[in-house]
Structures are given as C-alpha cells and as structure tokens.
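A.B. asks: One structure follows; several queries about it will come next.
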Amino acid sequence: MLKYTIRRLLLLIPTLFVVLLVTFALAHAAPGGPWDKDESKKQTQSIINNLNAKYGLDKPLPEQFGLYVWNAMHGDFGVSLTYRDRLVTDIIGDAWPISARLGVQAILLAVAISIPLGVISALKQNTLVDSGSLLFATAGTSIPSFVLAIFAIYIFSVNLRWFPASGWAGGDLSHLVMPTVLLAIGSSAFLTRITRASMLEAIRQDYVRTARAKGLKEQVVVVTHVLRNALIPVVTVLGPATAFVITGTFFIEYIFSIPGLGRFFINSILARDYPMILAIYLLFALVISVANLTVDLAYGLLDPRIKVSR
Amino acid sequence: MATITASQQRALDMNVITRKQRSLWMDAADRLRRNKAAMAGLFVILGFALVAIFADLRVGPLHIQLAPYDPTCYFYLNGHTACGGDVVGARSGPPTANPFWGANADPRFLLGTDQIGRDILSRLMFSARISMVIGFVPVVLYFLIGGTIGLAAGYYGGWIDNLLMRFTDIVYAFPDLLLLIIIMATIRNTWIGDIMGGLFLMFIALSIVNWVGMARLVRGQVLSLREKEFVEAARSIGAGPVRIMTRHLLPNSLAPVIVSMAFSVPLAIFAEASLSFLGIGIKPPTPSWGVMINEGFVVFTGTPSMVLLPAACIALVMLAFTFLGDGLRDALDPRMKL
C-alpha cells in the first residue's frame, strides 16, 4: 500500500510536467502576445522589445520553458503580465479560496443529495419516486449548469426575489445558496445514477438473498449488506466528479459574478498572460490528480478484494 | 387468435414452423420503438433538424425559407435595415421590439428583436443549424479517426498500441473542457478560427479531445473479440487482416460504438453552447444559442426572453438527445446499465 502510494505520488511529477509542456506549447503557438491587447493603444516596437526583455520573453522558447520549470520548483511562478504589479501566486491566493470553497460545498451537497436519492430510488424501483429521481438525474446530467442557472435566476431572483442574482459579498449565505446548489446539480445527478445502478446490482446478489433468508430485518440487510457493497463503485466516480465541479465553477462564477479563479482563467488565456495560464493549469491538474489518487487509495481501503499494487 | 395467411396455413400443413426472420438490429429497433421517452426525444430532434434544414434552403429554383429574416440583419427603429457586418459582442440597452406577449411588441418580429434590432426567431432557427452540425459532424470524425486507430491498435498491438496508450495518458491528465478551452481560446483569432464562423475550429478541437475515447473503446472491443472462434475461423480460410477488421471485428463491436456516438452528440452540443456562452466558441455575428445567451446576458433582468428562449432550446435538445441515447443503449445492449 505504502509502496503504491509513493509510486502514484511520484507519477504525479511526469503528469504535471506534461500538462505544463502542452499548455506552454499551445499558449505560445497561438498568435499574438501579452502586449497587443488594444488596437487603439498599439505599443511601438521598441517598447514591446523592452517589455519582452524585462519579462524574459525574448529568450528562445525552450529556455523560457526550462527557466519557468526551474523557478516554479522554487516556488516562483512569476508576475502576471496583465496585472503587472501582482505576483501570480498572490492573485491565485486571493481567488482560489473562493472557488475552492464553492467547489467543496458543491461536492458535499452533491454527495448528501445523491446517495440517499439513489438508494431510495433503487429500493423503490419502478415507482413514482424512482422515475422522479431518474428524471432529475437525466435532466441534471444533460442540461448545462449555466442553462439551469439562467432559469434559476429568472425564477428565484428576478421573480420571487429570494436570492441575489449575482455577487459574492464575502461568502454571505444568501449569495452562496444558488451558486452552490447549481454547481452541485450536475455531479449529484451523475452520482444518483451511479448509486442507483450500483444498488440495483447489489440487491440482486446471492449474499443479500441469504441475509434475507436468515430472517434479518430489512433495514439490516439494506444497510450492512447492500449499501456497504453498493457504495464502493460510487466512491470511484468522485474523482471525475471533482473534475466536473472544477470546470463547472468557470460557468457558475461567470453567471453569478463571483470573484473566483474562473474569471482569471478565461481572461488570462485571451490576454496571453503566460505565467497565469501555466499556474492555473498546473493548479487544476494537481487538484484533479490528487482527487483521483485519493479516490484510488480509498477504493483499495474500502474493498479488500481490490489489490491496488499491481 | 390472429387470422392465418395462406402461406402460413400452407406451412402448417407441411408441418413446418415458420417465423419471420429477425436480425439482432430489428429486435433492437423494436425495443427502441417501445421506449416512449426515446421516441419523444427522436421527434424533438427531428423537429429541430427540420427547422435547421429549412431555415433557409435553396436548391436550384427551389427556395424554402422558414426563418422570417436574415439572422445577421439589423432592423433599426427609424426603419433602416443593414445586413452583415461585425457588430461584435453584447450591448446593453433594451431590445428594439419585445416578443408578442410583451408591451411594445412588433408584429413583424414574433419573438422580438435583440438590442441591436436582429430578429430573435430567425436567430434561434439559424442557431439550430449550428447545434445540429456541431452535434453530428465531429462524432463522425471521432468514429473515423478513433475507430481506425482503435482497430489497428487492438488488432496489431505493438507500437501503435503503445503510442495510443501514451497519448491517452496525456489527454486524460487534462479535463476535456480545459483542453478544449485552451485550444479554442488560443487559435480562435487566426484564419483557422474564421472558417465557417468558428465551426471548423470547433470540429478540430472536439476531435482532438474526443477521438481518444472512441479509440480506447474500439481497442477494448477488438481485444476481447480477437481471440474468438469466428475470427480464428475467418483467419483459417485465409481472410486478410483488413477483411477481418472490417468484416468481422468492426461489425461485432458496433453496438457499444453506436451507444457511445449517441452520447457524444449531446456532449458536443454542450461544449459548443458552453464555449460560445463564455465568448470563445462560435464567432458573432454567426448566431448560436450559446452566443445568444452571451449577448443577451447583460440585459437579462430587463429582457429575460432574450436569454430564456435560447436556454430553453439548449435544454430541450440536450434532454432529447439524452433520452434517445438512453433508449439506444437499452435497446442495443440490455446488459449495459448506468
């Protein structure tokens, strides 16, 4: 187990390196640079040359990349080329906690909704409850979150005036409700489907029939025999669900004008703010890889039949 | 009891049991036809497809135009009109005409106009074109690229297989949307991004991100089929690798491939709508539902219909494709469950 964990942690290094390399290549392959934002305020070539020299963009690309990786390993991610008085780490340090809080809340909410819903819907298969939750699961996975958010804002903010339509206000509760719920819907719908399918499979197993035949109470059968086995596959999809929530934050933050990392993400690519692009992709890749790793390790612990170390 | 036809009677007389020949595919089609949600989805999709085709169709002398106006024409309040041109991005301000249920409605524009006087109904109809094209074209590309490489990797193994697996590792380290976003946002302002209002670049970006999944699926299928008796039989009568791949391996791995393609269609529509909504997908003035939401969002609280109408179209199409995909999966492989 320890060996496996260490090996997986070491595998993170090449993965992150490849992510950085691909991002760097794509960002620099694109035409345009960080200094030609505005047609009307075109800088003269000598100014651009000076700026390039100051930020090290005049060096050959492989050298730039090598330098970036070297500095990044020492915790120096450079200065943002858009907000030139701010370090990339400072900007991310301000914005990331907001996105992360939103994401963590959404995942917790998604788990809290989807597992009971999936379990109930499997136990009451082919009833009204089941088809209701299936409809929720289908709609939630297929309709984009920003489309759902539009309807939610129209109903709950514009007409009923229950929640504010936008803003963050330092994470005040009324501003939190709608973004969190909408971010959670997609992954909770997905998790509901998985929970239901996995419960249905577990219910039909022989050991469940045996437990019933022994005369165990239905609750005991469901909780200790069905649920424990059915939830294992559910844990495995928490990794992809994390990735789903992270990408979902861009849209939710955009719609609700939340000052998280999503805003910087798109803008930094459009503005060719290379240090920001690289740092943000590195952060996302790291979070997703760590989520997947945690899930894989948890999987091994939960199910002794799975041998993680190949 | 049903009446017996003459031929069946004859067969009975001859003591032969007749049964209409049924292929696997016919059984699947029957199962699909019995699935109400899937059929409803199919009809919704057909409806949108017809609107997309006939929004403005010219074939020789024939000219069918369902959309009342050109979606890029501006109808100014002073009676002037102008077409084309690049009025980029969102503008605040009220629409020049509200939809028919609102005050200040204009009978010429059933669903109203946007802030710069373009007919919403026409824009919605032309947007259906983008969604249908973006739904189907990239999926065919995934199938051609991913299917070929998957077949080769599964059948031959070796370096093709290794290369595929390494490539998969890279693509899997990126969440789909992150890779799509960086490709779209960086290449959008080049000449490639200008072809067909950005559609062409979307095809390429979607194919780069998604062919790997198809290749892995086909590879897995081929690996499990490769050692089956019927393949061995084909090989023993002298069938070459190409014949084995196209005549035996591909048809037998088709069911999961079709299911995967059916689910890829709404995902591609999802991606286009999402990226256009963020302003890095289809290029204005070309209309798409995502672009319309992006442009209408600044005046959302004032004129919600400008955003709600395209949002409803996206929701409807996505649901329809998902129901159809679910139905296809249940019909083609009743064992596959999710």
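A.B. asks: Of all residues in the range A:264-273, which are within 11 Å of chain B (Cβ to nearest Cβ) and in a helix (DSSP H, G or I)?
C.D. replies: Residues of the range A:264-273 that are within 11 Å of chain B (Cβ to nearest Cβ), as a first pass: A:265-272.
The answer is A:F265, A:I266, A:N267, A:S268, A:I269, A:L270.
A.B. asks: Moving to a separate point now. Considering only the range A:128-151, how many residues are part of a helix (DSSP H, G or I) and closer than 12 Å to B:A315 by Cβ?
C.D. replies: Filtering the range A:128-151 down to residues part of a helix (DSSP H, G or I) leaves A:128-142, A:145-151.
Imposing the further condition that a residue be closer than 12 Å to B:A315 by Cβ reduces the set to A:138-140, A:142, A:145-151.
Result for the range A:128-151: 11.
A.B. asks: In the set B:T148, B:T168, which member is part of a helix (DSSP H, G or I), surrounded by 15 or more Cβ atoms within 10 Å (Cβ to Cβ), at pLDDT below 80 and not hydrophobic (A, V, I, L, M, F, W, C)? Steps first, please.
C.D. replies: Values: B:T148 fails: at pLDDT below 80.
Matching residue, one of B:T148, B:T168: B:T168.
A.B. asks: Still on this structure, I have one more. Restricting to the range B:268-312, name every residue that is without any contact (Cβ under 8 Å) to a residue 40 or more places away in the chain, crowded, with 24+ Cβ neighbours inside 10 Å and at the interface with chain A (Cβ under 10 Å from one of its Cβ atoms).
C.D. replies: Residues satisfying the conditions are B:F277, B:G290, B:I293, B:V307, B:A311.
A.B. asks: Here's a follow-up. Of the residues that make up the range A:125-142, is at least one within 11 Å of another protein chain (Cβ to nearest Cβ), without any contact (Cβ under 8 Å) to a residue 40 or more places away in the chain and buried (at least 19 other Cβ atoms within 10 Å of the Cβ)? It would help to see each step written out before you state the result.
C.D. replies: First, pick out the residues of the range A:125-142 that are within 11 Å of another protein chain (Cβ to nearest Cβ): A:131, A:134-135, A:137-142.
Okay, now just the ones that are also without any contact (Cβ under 8 Å) to a residue 40 or more places away in the chain, so A:131, A:135, A:142.
Checking which are buried (at least 19 other Cβ atoms within 10 Å of the Cβ) leaves us with A:142.
Yes, the range A:125-142 has at least one match.
A.B. asks: To continue, here is another question. When you go through (1) under 30 Å from B:D27 (Cβ atoms); (2) surrounded by fewer than 21 Cβ atoms within 10 Å (Cβ to Cβ); (3) within 12 Å of another protein chain (Cβ to nearest Cβ) one by one for B:T322, which number turns out not to apply?
C.D. replies: Checking B:T322 against (1) under 30 Å from B:D27 (Cβ atoms); (2) surrounded by fewer than 21 Cβ atoms within 10 Å (Cβ to Cβ); (3) within 12 Å of another protein chain (Cβ to nearest Cβ), the one that fails is (2).
A.B. asks: Being more than 16 Å from the chain's Cα centre (by Cα), of a type in the set (A, V, I, L, M, F, W, C) and at pLDDT 85 or above: is that true of A:L282 here? Give the derivation first.
C.D. replies: Numbers: more than 16 Å from the chain's Cα centre (by Cα): no; of a type in the set (A, V, I, L, M, F, W, C): yes; at pLDDT 85 or above: yes.
No: the conditions fail for A:L282.
A.B. asks: So, A:I120, is that one over 22 Å from A:I258 (Cβ atoms) and either modelled with pLDDT under 90 or out of contact with any Phe, Trp or Tyr (no Cβ under 7 Å at 6 or more places or on another chain) (or both) or not? I'd like the intermediate steps shown before the answer.
C.D. replies: Values: over 22 Å from A:I258 (Cβ atoms): yes; either modelled with pLDDT under 90 or out of contact with any Phe, Trp or Tyr (no Cβ under 7 Å at 6 or more places or on another chain) (or both): yes.
So A:I120 passes the test.
A.B. asks: Given (1) closer than 16 Å to A:S145 by Cβ; (2) modelled with pLDDT under 85, identify the lone condition not met by A:L183.
C.D. replies: Every condition holds for A:L183 apart from (2).
A.B. asks: Hey, A:P240 hits all of (1) surrounded by 20 or more Cβ atoms within 10 Å (Cβ to Cβ); (2) within 11 Å of another protein chain (Cβ to nearest Cβ); (3) of a type outside the set (V, I, T) but one; which does it fall short on?
C.D. replies: Result: A:P240 passes all but (1).
A.B. asks: Suppose we filter the range A:143-177 for residues that are over 30 Å from B:L324 (Cα atoms) and within 14 Å of chain B (Cβ to nearest Cβ); how many remain? Break it down stepwise before answering.
C.D. replies: If we filter the range A:143-177 for residues that are over 30 Å from B:L324 (Cα atoms), which is where we start, we get A:156-177.
Filter again for within 14 Å of chain B (Cβ to nearest Cβ), leaving A:156-161, A:163-167.
So the answer is 11.
A.B. asks: Just checking, does the range B:130-143 include any residue being at pLDDT 75 or above, touching a Leu at 6+ places or on another chain (Cβ under 6 Å) and in the same structural domain as B:M214 (by TED's automatic domain parsing)?
C.D. replies: Taking the range B:130-143 and keeping what is at pLDDT 75 or above, we get B:130-143.
Restricting the remaining residues to those that are touching a Leu at 6+ places or on another chain (Cβ under 6 Å) gives B:138.
Cutting the leftovers down to in the same structural domain as B:M214 (by TED's automatic domain parsing) gives us B:138.
Yes, some residue in the range B:130-143 is at pLDDT 75 or above, touching a Leu at 6+ places or on another chain (Cβ under 6 Å) and in the same structural domain as B:M214 (by TED's automatic domain parsing).
A.B. asks: Quick check on A:D85: is it within 29 Å of B:F297 (Cβ to Cβ) and loosely packed, with under 14 Cβ neighbours inside 10 Å?
C.D. replies: Against the criterion (within 29 Å of B:F297 (Cβ to Cβ) and loosely packed, with under 14 Cβ neighbours inside 10 Å), A:D85 does not qualify.
The values are calculated or read from the model by the stated rules, or taken from the named source; none is laboratory data. Just so it is clear, the model here is predicted, and its values are computed rather than measured. As a convention, Cβ positions derive from the backbone with ideal geometry for all residues, glycine included, and neighbour counts pool all protein chains shown.
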